[in-house]
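So the structure is just underneath, and the comments pick up after that.
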Amino acid sequence: MLEAIYLDGTEDTPKIVLDKANNAFEISGRSLPEDAAEFYEPILNWLEKYEGQENPKTNFMFKLEYFNTASSKLILDILSKLETIEGASVTWFYHEDDEDMEEAGEEFSELVDIPFDFKTY
Amino acid sequence: MKYIYDLHKTMLNQNLILVYEGEFTQEITKSVLAMAERNMDSFGEEAAVKRKVFNIMVECLQNVSKHAFSYETDTYGKNSAIFMIGKHQDEYVITSGNAILNEEVDGLFAKLQSINQLDKEGLKELYKSIIKRPGGLTEKGGAGLGLIDMARKSGNKLGFSFEPINEKITFFSLSTKVSRSTKE
């Protein structure tokens, strides 16, 4: 069984949930780590292992308040990984008056071939 | 001691709400961000404006902590640089200044000029073409997107200047504006 990852959010790293048993997949909060590659490495590794034993549906929730450009590159890596996972989809949350976050989600959706659903909060 | 009063008056005249001079690290970046956020909260700045200022601050501070060149380490400490925020009637101005190596000037100048020549759509296309480039982050941990992102979030041209320090290094200043009226 693939062990779940739960990380609490901090002032510069997001909350992470990767839980196959409960079918919960989430990145939320702020992502501005100094070393984005290091922070996201375990997440990408987990998805690597998840591929091939994935649930019938994998809805990945992105609810980011802010992310830096180094994180954006890693978010694209996560989305590219999800592209290879059967039944994966993304729900992109943005604050209702946050046009930049809405636009960021739209741009990601144009860069990968996964169904995107947009929701405001 | 008069310099204290002079510095205080300069800050007031320039509408500077925050000035930091010294070493730049992730811990300091977080503290400066928290101070600026609290400051903007204290006079009830609009959420959309606050987010843009925060966003540009992060890219600016992380650029400095990644790229500032340390000069005269004994005197100034590691990558000593300056960062400040000015709050004016209709805009915020986020400014940084740091030393870079002379051989980096031409590349940076060309990059800033090409960014300033692009409109909103052009910046978006440039951003997308760089983010999807394979190969991960640079050795300094950057995505090569910071300046483009700052220009996009700002909606204004980036201001910049280069002042030679000596035969090895140049002082690079960068300033980004955020309009305080969210209606475009």
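The values are calculated or read from the model by the stated rules, or taken from the named source; none is laboratory data. Please read these numbers as outputs of a predicted model, since none were measured by experiment. Methodologically, a virtual Cβ is constructed for each residue, glycine included, from the backbone with ideal geometry; neighbour enumeration extends over all protein chains shown. Remember, those area values only see protein heavy atoms, side chains included, never the ligands or the DNA or RNA. Shrake-Rupley method; radii C 1.70, N 1.55, O 1.52, S 1.80 Å.
Checked against the criteria, B:V178 does not count as among the hydrophobic types (A, V, I, L, M, F, W, C), out of contact with any Gly (no Cβ under 7 Å at 6 or more places or on another chain) and more than 17 Å from B:E59 (Cβ to Cβ).
Checked against the criterion of being at pLDDT 90 or above, within 14 Å of chain A (Cβ to nearest Cβ), open to solvent by less than 60 Å² (accessible area, probe 1.4 Å) and closer than 16 Å to B:K177 by Cβ, the range B:61-69 has no qualifying residue. Contact map, the range A:98-121: first residue free of Cβ contacts under 8 Å to residues at least 12 places away in the same chain and within 17 Å of A:S71 (Cβ to Cβ), second residue hydrophobic (A, V, I, L, M, F, W, C) and open to solvent by less than 40 Å² (accessible area, probe 1.4 Å), Cβ cut-off under 9 Å, separation 6 or more or different chains; pairs are A:D98/B:A48; A:D100/B:A48; A:E107/B:I131.
Quick one: is B:E103 within 14 Å of chain A (Cβ to nearest Cβ), at negative phi and either surrounded by fewer than 14 Cβ atoms within 10 Å (Cβ to Cβ) or touching a Gly at 6+ places or on another chain (Cβ under 9 Å) (or both)?
Criteria not met by B:E103.
Only one of the numbered conditions (1) more than 14 Å from every other protein chain (Cβ to nearest Cβ); (2) open to solvent by less than 50 Å² (accessible area, probe 1.4 Å); (3) without any contact (Cβ under 8 Å) to a residue 40 or more places away in the chain is not met by B:G44, and that is (2).
Going by the conditions given, is A:S89 more than 9 Å from chain B (Cβ to nearest Cβ), among the polar types (S, T, N, Q), without any contact (Cβ under 8 Å) to a residue 60 or more places away in the chain and farther than 21 Å from A:Y6 by Cβ? So A:S89 fits the description; yes. Given (1) surrounded by 14 or more Cβ atoms within 10 Å (Cβ to Cβ); (2) of a type in the set (D, E, K, R); (3) in contact (Cβ under 8 Å) with a residue 12 or more places away in the chain, identify the lone condition not met by B:K30. Against the list (1) surrounded by 14 or more Cβ atoms within 10 Å (Cβ to Cβ); (2) of a type in the set (D, E, K, R); (3) in contact (Cβ under 8 Å) with a residue 12 or more places away in the chain, B:K30 comes up short only on (3).
Can you spot a residue in the range B:76-98 that is assigned to a helix (DSSP H, G or I), at negative phi and open to solvent by 50 Å² or more (accessible area, probe 1.4 Å)? Among the residues of the range B:76-98, at least one is assigned to a helix (DSSP H, G or I), at negative phi and open to solvent by 50 Å² or more (accessible area, probe 1.4 Å), which makes the answer yes. Checking each residue of the range A:95-107 against the condition of being more than 8 Å from chain B (Cβ to nearest Cβ), open to solvent by less than 10 Å² (accessible area, probe 1.4 Å) and over 22 Å from A:G9 (Cα atoms) gives no match. Scanning for something within 27 Å of A:E110 (Cα to Cα), crowded, with 19+ Cβ neighbours inside 10 Å, among the charged types (D, E, K, R) and out of contact with any Cys (no Cβ under 9 Å at 6 or more places or on another chain), does the range B:138-151 turn up at least one residue? There is at least one residue in the range B:138-151 that is within 27 Å of A:E110 (Cα to Cα), crowded, with 19+ Cβ neighbours inside 10 Å, among the charged types (D, E, K, R) and out of contact with any Cys (no Cβ under 9 Å at 6 or more places or on another chain). What about B:K111, is it closer than 22 Å to A:E103 by Cα, more than 10 Å from chain A (Cβ to nearest Cβ) and open to solvent by 60 Å² or more (accessible area, probe 1.4 Å)? No.
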